[in-house]
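Written below as structure tokens is the structure these notes are about.
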Amino acid sequence: MNYGIFGGQYVPQQLKEKLGSIAQKFNELKNDKKFKDEYLYYLKHFVGRPSPLYFAERLTKYLDGAKIYLKREDLNHTGSHKINNAIGQVLLAKKLGYNHIIAETGAGQHGVATATVCALFNIRCTVFMGIEDIKRQRVNVEKMKILGAEIKEVTSGEGTLKEAVDEAFEYFTKNKDSYYLIGSAVGPYPYPEIVKYFQKIIGEETKTQIRKMEGKLPNAVIACIGGGSNSIGMFTPFIKEKVDIYGVEGAGLGLQTGQHASAIYNNTIGILHGMKTYTMQDEKGNIKDAYSISAGLDYPGIGPEHAFYHLKKRIKYDSITDKEAVNAFKLLTNLEGIIPALESSYAVAYSMKIAKNYNKEDIIVICLSGRGDKDLDNIMNYNNM
């Protein structure tokens, strides 16, 4: 499937055949009531959904603008939105007869979610993770190991999320018994569609909850974007509504420094991990290294559906610097007693910029994609720099 000029399958022929069988089974199962009921059963009884929609009263007063609500994906089992997709894709892989799940991870949350679900269903699990991210996310690495996952350290390039995806795709292509459980809305078709399908529960719940609490839809929704899974999950149910939508990438040390992770700002279309999308690349078409203090945003591209919505100007994409995100991390922690993931902090920081653009009876919902216990060492190191 293409999203306008974006998306597609830019992969070797042998992988196209494997992806074709995955796409066929997915398209069968997504309309199968028994499969959906099984998926929703685990979301309710294992993950703990629906996740709460929380009115951040003190943050609202501090910002002195629109009412701020937080969609609390941090309260899911394993601490982020990633578990929604991991449950769904492992159920899909089981239906396809796979007995080995592989995954990539940057911040570690997708790796932990995948290892957790594989433990639940007694399936072999291998997680590819860059050596730099292993240093940054040591707590999550230990969790994955305790859950029984094998960790494949990736030392090529910068040793971050891009390289982890590279090696996972190479393994996926060469090993017929492996199912690649991609964690974000990226990659060749059908992966962006699969991830969106299993993450749209975020936005669906939000619509129901905010109507019950406020009697209307929000004026705006905000989510951070690396590849874009929590954001596409939040945004999809609001695309056809009269709601402002903001996607926030990592501006790193500042867009003008070149040390950032904003593929939209780079504004160059290329091929990355089997998809056509906006990428960070040089004048020769070589993919450049992204930079963000947040391992989950440290990715030199963006999901193809996000690229499509940017081109169509349906969603406003912007970016937040490391400094702004760290300040938002501290602010939310101090005002609300909620320690957000660094990734989520970029969305919180963006709400701080736009809250006064709205009236006090208007509503902004932030997707709080994960919790921040994994980031405490990173924050402390940043404070000491």
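The values are calculated or read from the model by the stated rules, or taken from the named source; none is laboratory data. Values in this document were obtained by computation on a predicted structure and should not be read as measured data. Using ideal geometry, Cβ is built from the backbone for each residue, glycine included, and neighbour counts are taken over all protein chains shown.
When LYS323, LYS360, LYS312 are checked against the criterion of being free of Cβ contacts under 8 Å to residues at least 24 places away in the same chain and at negative phi, LYS323 stands alone in meeting it. Within this structure, TYR54 fails the test of being aromatic (Phe, Trp, Tyr), at pLDDT 95 or above, crowded, with 23+ Cβ neighbours inside 10 Å and within 23 Å of the chain's Cα centre (by Cα). Among the numbered conditions (1) over 21 Å from GLU361 (Cα atoms); (2) surrounded by fewer than 19 Cβ atoms within 10 Å (Cβ to Cβ); (3) of a type in the set (S, T, N, Q), the only one that GLN209 does not meet is (1).
Among the residues of segment 52-97, those identified as touching a Phe, Trp or Tyr at 6+ places or on another chain (Cβ under 7 Å), small (Gly, Ala, Ser) and not in a helix (DSSP H, G or I) are ALA56, GLY65, ALA66. Among the residues of segment 98-135, those identified as among the polar types (S, T, N, Q) and either at positive phi or in a strand (DSSP E or B) (or both) are THR105, ASN122, THR126. Checking each residue in segment 111-145 for being surrounded by fewer than 20 Cβ atoms within 10 Å (Cβ to Cβ), touching a residue at least 40 places away in the same chain (Cβ under 8 Å) and of a type in the set (A, V, I, L, M, F, W, C) picks out LEU120, VAL139.
From LEU217, LEU253, which residue is surrounded by fewer than 24 Cβ atoms within 10 Å (Cβ to Cβ) and in contact with a Ser or Thr (Cβ under 8 Å, 6 or more places away or on another chain)?
Working: LEU217 fails: in contact with a Ser or Thr (Cβ under 8 Å, 6 or more places away or on another chain).
Just a single option satisfies the conditions, and that option is LEU253.
Quick one: would you say LEU342 is in contact (Cβ under 8 Å) with a residue 60 or more places away in the chain, assigned by TED's automatic domain parsing to the domain that holds LYS316, in contact with a Phe, Trp or Tyr (Cβ under 9 Å, 6 or more places away or on another chain) and farther than 28 Å from LYS135 by Cα?
On the way: in contact (Cβ under 8 Å) with a residue 60 or more places away in the chain: yes; assigned by TED's automatic domain parsing to the domain that holds LYS316: yes; in contact with a Phe, Trp or Tyr (Cβ under 9 Å, 6 or more places away or on another chain): yes; farther than 28 Å from LYS135 by Cα: no.
No: the conditions fail for LEU342.
The set of residues from segment 146-169 being under 22 Å from the mean Cα position of the chain (by Cα) and either part of a helix (DSSP H, G or I) or buried (at least 22 other Cβ atoms within 10 Å of the Cβ) (or both) comprises ALA149, VAL154, THR160, LEU161, LYS162, GLU163, ALA164, VAL165, ASP166, GLU167, ALA168, PHE169.
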